[in-house]
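S.K.: Dropping the structure in here first, questions after.
The values are calculated or read from the model by the stated rules, or taken from the named source; none is laboratory data. Predicted model, so just to flag it, every value in this text is computed and none were measured. Quick reminder, even Gly has a Cβ in these numbers, built from the backbone with ideal geometry, and neighbours come from all protein chains shown.
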Amino acid sequence: MTEASSLGFGASGPWAMPWFSEAKAQRVLEAALGAGIRHLDTSPSYAGGAAEARLGRLLTRLEAEGSAARSALCISSKAGSFPAGDGKIAKDFSPARLRRQVEETLAYLGISALDILYLHGPDERQIDECLPLLCEMKDQGLIRAIGSCSDGRQLAHAAGTGGIDWLMAPYNVLRQHNGVALRAGQRQGKKIAIVAPLAQGLWRRDILLPRTPSGAWYAARAFLKNRDELRMARRAKWLHEESGWTPAALALAFVRESLSPDLILTTTTKARHIRASAEAAARPLPDALKAKLQGLMVS
C-alpha cells in the first residue's frame, strides 16, 4: 500500500504561472515538504517554460533558509516538449534538443543530475529512437533513471520496452483506461507514477463558477479538454455524500488501492489540499466503495 512518502508534488499548472505569486508558490511548496513529500516533478513545457526556473529559485531559497536540501529530494523533469507560443506545446525529440533540454533543466534546478528524466508524450518510434541517447546520458551521470510520460497505445509500447525504468500516465476514477498497460509495466519491473489522480477536481460543485485566476484555469481546462469526465463527475453526486470521505480522498484512495503505484503526483495552489492529500494517503478504502468507484468512469 502506498504511504504518504510516495506522494509527489507537480511543479506545474497554476502553481507555476506568473500570475500566481512566488510567495504563495513557496508556501505551497513548504506545505508539501512539511507533509513529508520528497518527490518533485516538473517540465520545460509547463507554465510557458517558467516552471523549472520557479522551482529552482524556490529550492535555492528554502535551502538557504535551512528548510530544504535538494540532495534529500527526488527531482524529475521531462524532455521532448517545449512552449511554442500562444499557449501551444511543440514536440522535438531530436538528440540535440533532448540534450540541450537536460542541460538547461539541470541549470534551472541547480542540480548535477536528474533522478528521473521522462520523454514527454513520445510516440512509439520516438521512444525507440531516443533510448540510446538516454542510456548514454544515464551512463554519463546526467540522469539516474529513464521514464516515459505517455498515454494509451504509446504507454503500452513503453511498458514493453527494455531500458525504461519509469512509466508516468494519467489514471483516476474517471479515466481508468491506462490500468492494463501500467500493470503490464509493473510485471516487467518498471516503477509507476500516476498523474491526474484526483481527476482534476472535476467533481467540485463550483468548478464552472471560478472565483480566482487558478479557478478560471481549472474551469477552462475542464470545459475544453475534459467534457466527458466533467459530465460523469457532475452526475456522481454521491461522491459528496459518503460519510467521513471527501471526493478527493476517495479518488486518491482508489488510485492507491487499484494500482499500488510507486508515486502519485498531485498539484495545487492551496497548502490545505497538500495536507489533506497527505492525511488521506494511507487511509484504507472499503471494498464496497472501491467497487463503486470502479464503475465511475468513461471509456
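S.K.: Hey, among the residues in segment 169-202 that are free of Cβ contacts under 8 Å to residues at least 60 places away in the same chain, closer than 22 Å to E229 by Cβ and out of contact with any helix residue (DSSP H, G or I) (no Cβ under 7 Å at 6 or more places or on another chain), which one's surrounded by the fewest Cβ atoms within 10 Å (Cβ to Cβ)?
M.R.: V180
S.K.: Next question, about the same structure. Among the candidates S71, S67, S112, which residue alone is in a helix (DSSP H, G or I), exposed (fewer than 15 other Cβ atoms within 10 Å of the Cβ), over 19 Å from the mean Cα position of the chain (by Cα) and not charged (D, E, K, R)?
M.R.: One residue alone meets the criteria, S71.
S.K.: When both residues are 6+ apart or on different chains and their Cβ atoms are under 7 Å apart, which pairs have a first residue that lies in segment 152-166 and is in contact (Cβ under 8 Å) with a residue 40 or more places away in the chain and of a type in the set (A, V, I, L, M, F, W, C), and a second that is surrounded by 17 or more Cβ atoms within 10 Å (Cβ to Cβ) and in a loop (DSSP other than H, G, I, E, B)?
M.R.: W166/A145; W166/K190
S.K.: Oh, and also: In segment 203-228, what residues are surrounded by 17 or more Cβ atoms within 10 Å (Cβ to Cβ) and not charged (D, E, K, R)?
M.R.: Hits for segment 203-228 are W203, I207, S214, G215, W217, Y218, A219, A222, N226.
S.K.: Residues to consider are L142, L131; find the one that is touching a Gly at 6+ places or on another chain (Cβ under 9 Å) and either surrounded by fewer than 23 Cβ atoms within 10 Å (Cβ to Cβ) or small (G, A, S) (or both).
M.R.: Every option except L131 fails the conditions.
S.K.: Moving to a separate point now. Counting only residues that are under 17 Å from the mean Cα position of the chain (by Cα), give me the helices (runs of 4 or more DSSP H) lying completely in segment 201-299 with at least 2 of them.
M.R.: Answer list for segment 201-299: 213-225, 247-259, 271-280.
S.K.: Now for a different question. Looking at A47, A35 in this structure, which one is modelled with pLDDT under 95, farther than 21 Å from L114 by Cβ and in contact with a Lys or Arg (Cβ under 8 Å, 6 or more places away or on another chain)?
M.R.: When all the criteria are applied, what remains is A35.
S.K.: Only one residue in R99, R70 is modelled with pLDDT under 95 and of a type in the set (K, R). Which one?
M.R.: Testing whether each residue is modelled with pLDDT under 95 and of a type in the set (K, R) leaves just R70.
S.K.: Inspect all residues belonging to segment 74-91 and state whether any of them is modelled with pLDDT of 95 or more, acidic (D, E) and either surrounded by 13 or more Cβ atoms within 10 Å (Cβ to Cβ) or assigned to a loop (DSSP other than H, G, I, E, B) (or both).
M.R.: So far as segment 74-91 goes, no, none of its residues is modelled with pLDDT of 95 or more, acidic (D, E) and either surrounded by 13 or more Cβ atoms within 10 Å (Cβ to Cβ) or assigned to a loop (DSSP other than H, G, I, E, B) (or both).
S.K.: Only one of (1) more than 19 Å from the chain's Cα centre (by Cα); (2) within 18 Å of G160 (Cβ to Cβ) fails for Y118. Which number is that?
M.R.: (1)
S.K.: Residues being hydrophobic (A, V, I, L, M, F, W, C) and free of Cβ contacts under 8 Å to residues at least 40 places away in the same chain: count how many of those fall in segment 241-279.
M.R.: 3
S.K.: Taking the conditions exactly as written (in contact with a His (Cβ under 7 Å, 6 or more places away or on another chain), under 19 Å from A280 (Cα atoms), of a type outside the set (A, V, I, L, M, F, W, C) and crowded, with 17+ Cβ neighbours inside 10 Å), does P247 satisfy them or not?
M.R.: yes
S.K.: From the set of residues in segment 14-25 that are small (G, A, S) and surrounded by fewer than 20 Cβ atoms within 10 Å (Cβ to Cβ), which is nearest to A271 (Cα to Cα)?
M.R.: A23
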